[in-house]
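Take a look at the structure set out below.
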2 protein chains.
Amino acid sequence: MREATTRYVILGALEMEGPLSGYEIRTWISQSVGYFWTESFGQLYPELKRLAAEKLISPLPEKQAHARARQRYEISPSGRRLLAAWVEQPARPQPVRAEFLLKLLFSRQSGLVVTRRHLEAIAEAERGKGAAFAGARAALLDEGPDSPDLVYALVVLRYGQHISAMRRAWVEESLQLLAAHEAGGPAAVLNAFHELVEEEPR
Amino acid sequence: MREATTRYVILGALEMEGPLSGYEIRTWISQSVGYFWTESFGQLYPELKRLAAEKLISPLPEKQAHARARQRYEISPSGRRLLAAWVEQPARPQPVRAEFLLKLLFSRQSGLVVTRRHLEAIAEAERGKGAAFAGARAALLDEGPDSPDLVYALVVLRYGQHISAMRRAWVEESLQLLAAHEAGGPAAVLNAFHELVEEEPR
DNA sequence: TTTGCCATGTAACTAGTTACATGATTTG
DNA sequence: CAAATCATGTAACTAGTTACATGGCAAA
């Protein structure tokens, strides 16, 4: 049985940010955890209803009473308990499916030009994220220097920064390997590879 | 519309390894690209039938003729064309969903003990993968020093090694941040964080 | 007044997982 | 001969995506 994670993101968002509407939860997700989580409205709104039916969250009374007015929800004590229990459970190994690595692996037919283009697109995308991380970091730092959530948020942010830096480094390295291939075929690639690996400790 | 990727993995496997059966494709996947791709039989066998019906792969005549005997398939010219076209298309941005980061972010209630346990489990898992990468690398190096696929395979392998190393480094760093939090609260965390970031170039 | 954002929601679809069933062949 | 592995397949399910529909409100 696959465990639905959407509900825990909702609970977590409400726990960290206080009462939020569906729309606000979605913006929170895309702004603060967007680089490692996404959630669509088609999943969000039905789940909010379910959580409310299970008394894990409670709708707040709102002023404007027209249809489709904003409806905020608050996490309940039992919701908090459920969230904590989930957090304490070890994370299931997520089935990673990195399409771009498949394309790379199958690139022989298409050749180096296509491969280079793909790699450079990745590096470019990562450079774009750099700014986003800097922004998120700034927001964290001046928003809550006393926040008890700060350590956790920073740890998560650092993961994003690490991944981004790693990807850029990997692209650089890969371009070198491709250059070696172009210059001297598989043999030259092997040399270049050994040099790369020897630079690393252990 | 979501694009089914399973078919391209199958085509790629047949392209790289020659004729394979469903079972063999699955072992190939789990052994050589298992760290970034998974595929289940429930998806594999129906897709093989579809690909054969579309003449993108062709079943080889096999000797033993009992039911449920091994059936190998070969990629066809049109299959090869389809694969190449897919490879040349830029990879769609995959919706990453890293559950363990969510758990980390929502860890305040559960506390440092739980968080440490999670982090150490991640590091432990990565250390285990180290051996697998070494094996994959060795296989690559002595299997095909002249293989035209070598560059691509190495580039992909390096990604795995990079990720693994990055994760271990991140865990170490995170444990330091947690220690700082324990010793001096958010203020100490901020100091530790700034030290970490300053070490990095740019 | 039109563009864009705030806001909620549903219907249709499908990719992928899980669990199960069947049986041959090899190995200890 | 028992256990493990090789081998193919199906049924049932569900999490998640995509596309669409509706409408209020604010700013340009």
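Couple of notes before you dig in:
- Qualifying residues in the range B:14-49 (those that are of a type in the set (Asp, Glu) and free of Cβ contacts under 8 Å to residues at least 60 places away in the same chain) - the one farthest from the other protein chains (Cβ to nearest Cβ): B:GLU24
- Odd one out for B:ALA65 among (1) at pLDDT below 90; (2) among the aliphatic types (A, V, I, L, M); (3) near DNA strand C (Cβ under 9 Å from one of its atoms): (3)
- For the range B:15-31, the set of residues classified as more than 13 Å from DNA strand D (Cβ to nearest atom) and in contact with a strand residue (DSSP E or B) (Cβ under 9 Å, 6 or more places away or on another chain) consists of B:GLU15, B:GLY18, listed by residue number.
- Among the residues here, A:GLU74 qualifies as more than 15 Å from DNA strand D (Cβ to nearest atom), assigned by TED's automatic domain parsing to the domain that holds A:LEU14 and of a type in the set (Asp, Glu).
- Of the numbered criteria (1) within 8 Å of another protein chain (Cβ to nearest Cβ); (2) within 22 Å of A:LEU101 (Cα to Cα), the one B:ALA134 fails is (1).
- Total residues in the range B:13-58, condition away from DNA strand C (no atom under 14 Å from the Cβ), assigned to a helix (DSSP H, G or I) and not acidic (Asp, Glu): 9
- Test result for A:ARG81, more than 16 Å from DNA strand D (Cβ to nearest atom), closer than 26 Å to A:VAL151 by Cβ and modelled with pLDDT of 95 or more: yes
- Of the listed requirements (1) of a type outside the set (Lys, Arg); (2) free of Cβ contacts under 8 Å to residues at least 24 places away in the same chain; (3) assigned to a helix (DSSP H, G or I), B:GLN94 misses just one: (3).
- Among the residues listed as B:TYR23, B:TYR35, the single one being within 19 Å of A:PRO93 (Cβ to Cβ), among the aromatic types (Phe, Trp, Tyr) and not assigned by TED's automatic domain parsing to the domain that holds B:ASP149: B:TYR35
- Selection of the range A:127-153 for residues being within 26 Å of A:TRP170 (Cα to Cα) and not small (Gly, Ala, Ser) yields A:ARG127, A:LYS129, A:PHE133, A:ARG137.
- Among all residues of the range A:148-170, there is none that is more than 8 Å from every other protein chain (Cβ to nearest Cβ), touching a Leu at 6+ places or on another chain (Cβ under 7 Å) and within 19 Å of B:ARG137 (Cα to Cα).
The values are calculated or read from the model by the stated rules, or taken from the named source; none is laboratory data. Computed from a prediction, not measured in an experiment: that's the story for all the values here. Don't worry about glycine lacking a Cβ; one is built from the backbone with ideal geometry, like all the others, and counts go over all protein chains shown.
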